[in-house]
Amino acid sequence: MSNLQPSAPVGDVTLFTAVDRTKDPGFFTHFLDQANELARTGKPLILEALRLAPGQIVLDLGCGTGADVIDIAQHVGSDGRVVGVDVSEALIAEARRRWGDTELPVEFRIGDAQELEFDDGSFDACRTERMLMHVPDEQRALAEMVRVTRRGGRVAVFDFDWDMHIVDSLHKDTTRTVVRSFSDGLQHGWIGRQLPRFFREHGLTDVTVVPHVLFLTLEFYELLLGGHLVRIQGEGVLTPEEVERWWTDLRAKAERGEFVAALTALIVAGSKP
Ligand SMILES: C[S@@+](CC[C@H](N)C(=O)[O-])C[C@H]1O[C@@H](n2cnc3c(N)ncnc32)[C@H](O)[C@@H]1O
């Protein structure tokens, strides 16, 4: 690896749309483990928004390696059931490998959020975390979440708004280019700010909106942005020198204990009337 690159393994997280078609699906598993470690503080907020009760049947869409499915199963108990669905065969295989032995009532299925196989009203609650930003037709995915939830059931989404991304850098222009190009490189970089409106447009009521700020480590930041910055250098958006200067400043800050970078997610939930 050239000294112009970050030290983290290079993978492009804007490709969560199609993990199985990337060269290294293992990168995404590693990324999810690190991301979930950081995102832990948001988990109770989503559970609260879902208003779960023992015995309920719950869907986790875009479940990745399945840790949240297990967590929810502990809340609904042995009379409940949790189904995790993900479009990636590699991630569902990893979820089955990790949790195949559990006695909890869980099930992992391959499926596309835009076209779910379930009947109308099959679930008491449906949630998705950090998925809608990657789905080409996010409106259709949200419509599917509403369709498969029963009347009176709860729908909840956790997603970032990628322009609510701060980092304390000496290089303001480069920072703005990084933030903007990453946000625009996703299918829906503004999904966070749009969710409250989308929920109302999809007929959900009793809509709750909770912002959640996550502070990042430099190690995770390199994992998050490394692949993207390699790609945009190749596209001529930033020069290798600009990127190198940017990382050098951030690494120096981290060594002094002064690294500050944060993302803001919105946790939006609503009831199906
Ligand atoms: C950033 S990961 C989040 C995974 C998991 N929710 C978590 O919190 O660890 C996004 C997930 O959405 C999945 N995904 C992307 N597009 C999808 C689609 N159309 N249908 C179902 N899952 C999808 C990806 O395969 C990936 O597992």
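Please treat every number below as a calculation from the coordinates, not as lab data. Small disclaimer: the values here were computed from a predicted structure and weren't measured. As a convention, Cβ positions derive from the backbone with ideal geometry for all residues, glycine included, and neighbour counts pool all protein chains shown.
Grab the Cα-Cα distance for Thr217 and Asp20, subtract it from 0.36 nm times how many residues apart they are, and report the gain in nm with one decimal. If you can, show how the numbers build up before the last one.
On the way: separation 197, 0.36 × 197 = 70.92 nm, distance 2.74 nm.
Separation in residues times 0.36 nm, less the Cα-Cα distance, equals 68.2 nm.
Starting from 0.36 nm per residue, how many nanometres of slack lie between Glu89 and Lys43 once their C-alpha separation is accounted for? Display every interim value, and only then the final one.
Values: separation 46, 0.36 × 46 = 16.56 nm, distance 2.45 nm.
Result: 14.1 nm gained on full extension.
Straight-line reach from Lys253: which lysines have Cα under 26 Å away, leaving out those fewer than 8 places along the same chain?
Lys172
Within a Cβ distance under 12 Å of Phe220, other residues only, what is the Lys/Arg minus Asp/Glu net charge? Numbers along the way, then the final one.
Working: positive: none; negative: Asp33, Glu37, Glu219, Glu222.
Local net charge: -4.
Please work out the FRET efficiency for the pair Glu242 and Val207, using the Cβ-Cβ distance as r and a Förster radius of 51 Å; give the result to the nearest 0.05. Walk me through the intermediate numbers first.
Working: r = 42 Å, r/R0 = 0.81.
Efficiency for this residue pair is about 0.75.
Mean residue ellipticity at 222 nm from the helices of the chain, using -39,500 (n - 2.57) per DSSP H segment of n ≥ 4 over the full residue count, to the nearest 500 deg cm²/dmol? Can you show the working numbers first?
Details: 9 runs with 113 residues, N = 273.
My calculation for the chain gives -13000 deg cm²/dmol from helical runs alone.
Using alpha carbon centroids, what distance separates the stretch 233-273 and the stretch 141-215, in Å?
The distance from the Cα centre of the stretch 233-273 to that of the stretch 141-215 comes to 17 Å.
Lys and Arg at +1, Asp and Glu at -1: add these up for the other residues within a Cβ distance under 12 Å of Pro136 and post the number. Mind showing how you got there, number by number?
On the way: positive: Arg140; negative: Asp112, Glu115, Asp137, Glu138.
In short, -3.
Ranked highest first by the average count of other Cβ atoms within 10 Å around their residues, in what order do 186-197, 16-27 fall? Intermediate results must be reported in sequence, preceding the final value.
On the way: 186-197: 19.1, 16-27: 15.7.
Most protected by this proxy first, the peptides run 186-197, 16-27.
Need one number: % antiparallel among DSSP beta bridges in the stretch 13-271, to the nearest 5. Provide the component values of the computation, followed by the final result.
On the way: 21 of 41 bridges.
Of all bridge pairs located within the stretch 13-271, approximately 50 percent are antiparallel.
Taking the chain as the reference, fit the longest principal axis to its C-alpha atoms, fit the long axis of helix 25-39 to the helix C-alpha atoms, and give the angle between the two in degrees, 0 to 90, nearest 10.
80
If you line up the long axis of helix 191-201 against the longest principal axis of the chain, both from Cα atoms, how many degrees apart are they, to the nearest 10?
30
Working out 0.36 nm times the residue gap between Asp119 and Asp71, then minus their Cα-Cα distance, what length gain in nm do you get to one decimal? Could you put the intermediate results ahead of the total?
Working: separation 48, 0.36 × 48 = 17.28 nm, distance 2.44 nm.
Full extension from Asp119 to Asp71 adds 14.8 nm.
Between Arg109 and Arg193, what FRET efficiency follows from the Cβ-Cβ distance if R0 is 35 Å, with the result rounded to 0.05? Show your work: numbers first, answer last.
Values: r = 31 Å, r/R0 = 0.89.
With a Förster radius of 35 Å, E is 0.65.
Peptides 221-228, 136-143: what's the order by average Cβ count within 10 Å, highest mean first? If you can, show how the numbers build up before the last one.
On the way: 221-228: 22.2, 136-143: 17.6.
For the peptides 221-228, 136-143, the packing ranking is 221-228, 136-143.
Quick one: net charge around Arg150, please, counting Lys, Arg +1 and Asp, Glu -1 for every other residue with C-beta under 11 Å from its C-beta.
It works out to a net charge of +1.
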